[in-house]
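Each remark here refers to the structure printed beneath this line.
All of the numbers you see were taken from the coordinates with simple rules; none came from a lab. Here the structure is a predicted model, which means the values were calculated and not measured. Here the Cβ positions follow ideal geometry from the backbone for every residue, glycine too, while neighbour counts run over all protein chains shown.
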Amino acid sequence: MSVLIAGSLALDNIETPDDRVEDAAGGSASFALVAASFFGPVQLVGVVGDDFPQAHLDFFRSRGVDLQGLQRLPGPTFRWAGKYLPGLNERVTLCTELNVSSQYQPKVPESFRRPEAVFLANDHPRLQRQVLDQVEKTGLVICDTMNLWINTAREELQALLPRVDILMLNDEEARLLSGEVSLLKAGRKILGAGPRAVIIKKGEHGSFLVSADQIFLAPAYPLEQIKDPTGAGDTFAGAFAGSLAQEGGLRGTPFRWCPHLKRAMVRGTVLASFTVEEFSFDRLRRLSEKEIEERVQRLREMVSFD
Ligand code: AMP
């Protein structure tokens with residue numbers, strides 16, 4: 001029941017209105033794999049440079065992540081810097097340095113080629129395709145992307161979409177990709193490009209899934225204090241993918257009748273609520289299954305009515 005996760009492993013510099021951190025462990029795959037590891041075995045495909053601290057890799061291993069698909073290349077690791085505006089709802093990217101990831105070619109080890117689910121975390125669509133090309137069989141392909149790739153690699157992204165079961169993106173990216181203002185229209189238009197479902201993440205306003213025959217809304221877990229929203233989307237997606245893999249993917253079930261999907265969205269929401277409480281994935285390092293279950297239960301109570 002393993003999930004294969006491919007994406008960026010990064011060192012991040014982050015500024016929030018109250019605090020800042022340098023060289024924090026980040027990257028789309030890092031957040032996703034830590035989140036997914038709460039639900040079952042994870043296989044990582046990615047790249048780091050020679051400056052990526054071994055301690056982070058040891059932590060991934062301690063979470064049961066199989067690192068056979070990780071390459072360490074000479075040179076600096078992918079770096080990203082971002083700054084949040086007051087309110088933490090808006091973020092400006094200060095710099096993106098691809099570094100070793102610009103000369104990297106993903107290699108999926110033989111033993112990773114038949115995973116229950118594949119999660120293509122945010123990365124260049126060319127790298128996402130190269131990973132998918134090496135997967136022989138899987139029950140489910142989930143893919144995330146961002147505005148940078150929609151703007152600079154739109155054709156490669158469009159070519160990937162017919163091979164994707166579930167596409168994840170945030171509200172701004174959904175509008176950019178579809179050209180629609182209404183998020184429901186945007187989701188439906190993107191469905192026409194290939195995926196069986198689209199999940200649109202709306203930050204503190206939660207997320208929703210749209211497929212041909214259903215819409216499911218997952219509100220964000222309400223928090224009194226947020227330290228750093230970085231990685232919330234990747235955490236959501238990793239927990240979503242890990243949860244679906246744990247429950248056997250979708251295996252031909254029509255989306256409409258699949259309770260696994262809804263559970264996976266709620267688990268994603270809850271894991272993301274922990275990530276934003278601290279920098280990097282520090283809060284997830286000491287997260288317990290009991291704490292996850294408690295928030296799932298509280299969320300259930302907050303949204304259920306007759
Ligand atoms: P999120 O807050 O969920 O959008 O994820 C933020 C993480 O994505 C950071 O840790 C960054 O290192 C990583 N990231 C930012 N830009 C990119 C990019 N262009 N490709 C891959 N990963 C990225």
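Proximity of backbone amide H atoms, modeled 1.01 Å from N, is registered between THR230 and no other residue at under 5 Å, excluding neighbours fewer than 5 places apart on the same chain.
Computed from backbone phi with θ = phi - 60° and the Karplus coefficients 6.51, -1.76 and 1.60, the 3J(HN,Hα) list for the stretch 153-165 is 9, 4, 5, 5, 5, 4, 5, 7, 4, x, 9, 9, 7 Hz; x is used for glycine and proline.
Using the Cβ-Cβ distance between GLU156 and CYS95 with R0 = 25 Å, the FRET efficiency computed as 1/(1 + (r/R0)^6) comes to roughly 0.65.
Summary of the geometry: the stretch 137-201 and the stretch 69-92, compared by the centres of their Cα atoms, lie 22 Å apart. In the chain, taking the dipole from charged Cβ atoms about the Cα centre, the farthest positive-side position among CYS258, ILE200, LEU4 is held by CYS258. Put simply, the C-alpha atoms of the chain give a gyration tensor, and the ellipsoid matching it has half-axes of 25, 23, 20 Å, longest first.
Computing FRET efficiency as 1/(1 + (r/R0)^6) for SER62 and GLU291, where r is the C-beta to C-beta distance and R0 is 22 Å, gives about 0.75. Our helix-only sum for the chain, with -39,500 (n - 2.57) per DSSP H run of n ≥ 4 divided by its residues, gives a mean residue ellipticity at 222 nm of -10500 deg cm²/dmol.
Only four residue types carry charge here, +1 at the Cβ of Lys and Arg and -1 at the Cβ of Asp and Glu. Report the dipole size of the chain about the Cα centre in Debye, rounded to the nearest 20.
So the magnitude is around 1000 debye.
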